[in-house]
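The values are calculated or read from the model by the stated rules, or taken from the named source; none is laboratory data. As the structure is a computational prediction, the values presented were derived from the model and not from experiment. Backbone-built Cβ (ideal geometry, glycine too); neighbour counts: all protein chains shown. The protein model used for the area step is the full one, side chains on, heavy atoms only, and it has no ligands, DNA or RNA in it. Shrake-Rupley method; radii C 1.70, N 1.55, O 1.52, S 1.80 Å.
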Amino acid sequence: MKIRTKISLLFIFLSVIILFAFASLIYLSAKRDREVQFFARLKKEAVTKANLFFDANVNAQTLQRIYKNNRQTISEVEVAIYDSSFHLIYHDASELDFVKETKEMMHTVFQRGEVQMQKNNWDIIGIKYRYKGKQYLVTAAAYDQFGFIKLQTLFESSVAFFVLSAIMIYIIAYFFALHILDPIRAMTDKAKQISGSNLDLRLVSGPDKDELTELADTFNQMLNRLENSFDAQKSFVSNISHELRTPLAAIVAELELSTSKERSLTEYKSAVENALNDAKKMVRLSNSLLDFAKASYDPTEISFRSIRIDELMLDACLLIQKSHPDYKIDIHFEEDFEDDEQISVNANEYLLKTAFVNIMENGCKFSADKQVLVSIFFEKSGILISFQDHGIGISEKDLEKLFTPFYRGENKMHSEGNGIGLSLTKRIVELHGGSITVKSVKSQGSTFTISLPYHHES
Ligand code: ADP
């Protein structure tokens, strides 16, 4: 069932209940009012006729004539008087005798002073009347024609008003729901148009700060994130193809050139060496990309264990020295550590070592002295590791984009690379719950600082 129909039905259900309760209350109170007023009138008539009969000595024939005359035009009250031995003393119209008084009724009236009852819509009252020390039963009965007509009219108009209101409320509720849900329909139509090829489309959010605007804004924010990651993905792929195409094209050109005619052994050797260099570049790139993919996994899919930072750092240094024996790395512990826990982090050994290697290699390759100073601090929140070099430094403009995949600074001519290293490092550090910052002054050097949380045995 559509929300529009649900809202309309709920609306009408509630309104009908309220209307019904309200109309019933009015009808019942009008019914009660009629009874109270009519019984009061009956009582007055009973007393007046008894007074006329006993006090004013108006004879029975006169009273009966008045009754008969009035009866033709208005619903006249029929009165009867009995003495305490239940002998009928007076009756307005004994031939009609609607009330059918009984001895029990007389006893009840004498006991309570008054009795009210109804028979076939006739209202009947019996009262105790005292005259010259004797007790009499006076009954009065009449059909409240005027009151019942009024009640019937009230009932009919209430039913008509009830049905009309219900129809009107349903129509209003339907259009109200339509109006309220209009933005949702617009959002649905818009959302249907959004696909991978037009992620720039956005939902229209209204000027009011209501829940629907909030929903549209949240949805738009999600689209922003999706669009950014789509764009990043696209440029990532095009960067990869570019980075792979360059060395591949170089290899092809090199080999084509050497096979185009007879060459000397030295020329062949140099062509193979050049092709090998380009192939190595491609291997480095594909390794970095593989690491990048690993670092982008869900953390729950990567194995972590407690690892001592000092041991990991030494392993990283050995690895660098194996491929670049001319690089110099000094490691300093700024404070003594108290126990294993203070120097341990929860890490994936391979990935974290890759991150350290990247930063240390960068420090060496972008400095004339090919030297990096690694300092390890033990802070309250975790381990701080700073990598300081006295190299060529990084410009302020580059600092902002340094961690973007494939970004290479304006100093890239100084050394070979593919721009993956720092973005990979940042991803690895964040995967370990840490953060990375950089400070650099051009021509003076750079300092990269990584902070990692301690490993706590759980
Ligand atoms: P790559 O080193 O392969 O170019 P990275 O992602 O490791 O890629 O680094 C990105 C860029 O950051 C480098 O091209 C360089 O411009 C700059 N950079 C990184 N580390 C240093 C450093 N220690 N000194 C100067 N520039 C650096």
Report task. Check off (1) within 28 Å of residue 243 (Cα to Cα); (2) touching a residue at least 60 places away in the same chain (Cβ under 8 Å) for residue 455 and give me the number that stays unchecked. Result -> (1)
Requested in this report: Go through region 200-226 and give me each residue that's basic (Lys, Arg) and exposed (fewer than 11 other Cβ atoms within 10 Å of the Cβ).
Outcome: 209, 225
**Report entry** Residues (surrounded by fewer than 17 Cβ atoms within 10 Å (Cβ to Cβ) and more than 9 Å from the ligand (Cβ to nearest atom)) located in region 412-441
**Finding:** 413, 430, 433, 435, 437, 439, 441
Query raised in the report: So residue 197 clears everything in (1) over 23 Å from the mean Cα position of the chain (by Cα); (2) surrounded by 11 or more Cβ atoms within 10 Å (Cβ to Cβ); (3) among the hydroxyl-bearing types (Ser, Thr, Tyr) except one condition, right? Which one?
Result: (2)
Query raised in the report: Does at least one position in region 362-383 carry a residue that is near the ligand (Cβ under 8 Å from one of its atoms), of a type in the set (S, T, N, Q) and surrounded by 17 or more Cβ atoms within 10 Å (Cβ to Cβ)?
Result: yes
Report summary line: Per the filter on region 396-417, residues assigned to a helix (DSSP H, G or I) and free of Cβ contacts under 8 Å to residues at least 12 places away in the same chain are 396, 400, 401, 412, 413
Report task. Hey, could you check region 399-411 for residues that are surrounded by fewer than 19 Cβ atoms within 10 Å (Cβ to Cβ), within 25 Å of residue 452 (Cβ to Cβ) and not aliphatic (A, V, I, L, M) and say which is farthest from the ligand (Cβ to nearest atom)? Result -> 400
Query - Checklist (1) over 30 Å from residue 280 (Cβ atoms); (2) at pLDDT 90 or above applied to residue 200, failing item - result: (2)
Requested in this report: Output yes when any residue across region 105-119 is in contact with a helix residue (DSSP H, G or I) (Cβ under 7 Å, 6 or more places away or on another chain) and either hydrophobic (A, V, I, L, M, F, W, C) or over 18 Å from residue 42 (Cα atoms) (or both), and no when none is.
Outcome: yes
Query raised in the report: Across region 92-117, what is the number of residues that are modelled with pLDDT of 90 or more and closer than 18 Å to residue 142 by Cα?
Result: 4
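So that you can scan it fast, the table gives a plain yes or no per residue for (1) among the β-branched types (Val, Ile, Thr); (2) touching a residue at least 60 places away in the same chain (Cβ under 8 Å); (3) in the same structural domain as residue 133 (by TED's automatic domain parsing):
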position	(1), (2), (3)
15	no, yes, yes
20	no, yes, yes
33	no, no, yes
40	no, no, yes
48	yes, no, yes
64	no, no, yes
67	no, no, yes
76	no, yes, yes
87	no, no, yes
Query raised in the report: What do you reckon, is residue 449 open to solvent by 60 Å² or more (accessible area, probe 1.4 Å) and either β-branched (Val, Ile, Thr) or within 7 Å of the ligand (Cβ to nearest atom) (or both)?
Result: no
Requested in this report: Considering (1) of a type outside the set (A, V, I, L, M); (2) over 30 Å from residue 77 (Cα atoms); (3) not in a helix (DSSP H, G or I), say which one residue 57 fails and leave the rest.
Outcome: (2)
Report summary line: Within region 388-398, restricting to residues that are within 8 Å of the ligand (Cβ to nearest atom) and of a type outside the set (D, E, K, R), the one that is surrounded by the most Cβ atoms within 10 Å (Cβ to Cβ) is 391
Report task. Out of 306, 288, 344, report the one residue that is touching a His at 6+ places or on another chain (Cβ under 7 Å), among the small types (Gly, Ala, Ser) and buried (at least 16 other Cβ atoms within 10 Å of the Cβ). Result -> 344
Report task. Name the residue, out of 180, 125, that is in contact (Cβ under 8 Å) with a residue 24 or more places away in the chain and over 60 Å from the mean Cα position of the chain (by Cα). Result -> 125
